[in-house]
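Written out below as structure tokens is the structure these notes cover.
The values are calculated or read from the model by the stated rules, or taken from the named source; none is laboratory data. What you see is a predicted model, and the numbers here were worked out from it, not measured in a lab. FYI the Cβ positions are ideal-geometry reconstructions off the backbone, even for glycines, and counts take in every protein chain you see.
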Amino acid sequence: MSSKAKFILALTIIFAIIILILLYLHYVVNPIIIDATEAKVYSLTQDAVENAVYDVIKDNNIYDELIEIVKDENGDVQLITANAFQINMFSKNLLKSAQDSLKGLAEQGVELGIGTFTGLPILTDRGPKITLKLSPIGTVYTRFYSEFTTAGINQTNHKIYLIINTDVNIILPIDTKKVETTTEILITESIIVGKIPDTYLNSSQLDEMLNLVPKN
């Protein structure tokens, strides 16, 4: 065999080995890495978002800041409105805090045992730790919704929830995986005394008012 033929054969073998390694990583290693890290990333992201919300709310009851209730002379509720200015301020502070928390999470990354990269389930998360990079993408999406429940005679418990959706990328050896999280948090509640019109009890009208704030 000539030197040229040997060289071509060597290149072919090297190329074939590289292709096999890439295929092994894509079809065997990456799914195992995803399974091993997705739950961790989901949990860490939810913790980061919840901490961001609690950091904004702290121990304060913000119900009276977000909601205004107008009653008639009999004490019955005539109108429930959302304070647009306070909602804007709350949302801006929340989004900034959530984005800062996700940025910190991305810098921290997720540790995974080097055995995971063998593609053998028995070695998953075994051995020295390797940090996988995380990359928050896009923005944090928020949505409010209300819930009214009977709390007694002419008493209604009004709860306001915040739903936060986030996207986080796990940077894998030859691919990336987007992890989408949805976190639902009760941010405030109050007991309303007096009859409440049905238009508010179904909460759709109030939800529209609460969600007037742009989500980007």
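Annotation: LYS133 fulfils all but one of (1) within 16 Å of the chain's Cα centre (by Cα); (2) over 23 Å from TYR54 (Cα atoms); the unmet one is (1). Only residues that are surrounded by fewer than 17 Cβ atoms within 10 Å (Cβ to Cβ) and assigned to a strand (DSSP E or B) were counted in the range 106-160, giving 17.
In the range 40-62, how many residues are touching a residue at least 24 places away in the same chain (Cβ under 8 Å) and in a helix (DSSP H, G or I)? Of the residues in that region, 15 qualify.
Can you work out which of the residues in the range 63-85 that are outside any strand (DSSP E or B) and touching a Phe, Trp or Tyr at 6+ places or on another chain (Cβ under 9 Å) is farthest from ASP198 (Cα to Cα)? Out of the qualifying residues, it is GLU65. Touching a helix residue (DSSP H, G or I) at 6+ places or on another chain (Cβ under 7 Å) and modelled with pLDDT of 80 or more: does that describe THR182? Against the criterion (touching a helix residue (DSSP H, G or I) at 6+ places or on another chain (Cβ under 7 Å) and modelled with pLDDT of 80 or more), THR182 does not qualify. Within the range 72-82, being charged (D, E, K, R) and under 38 Å from the mean Cα position of the chain (by Cα) holds for no residue.
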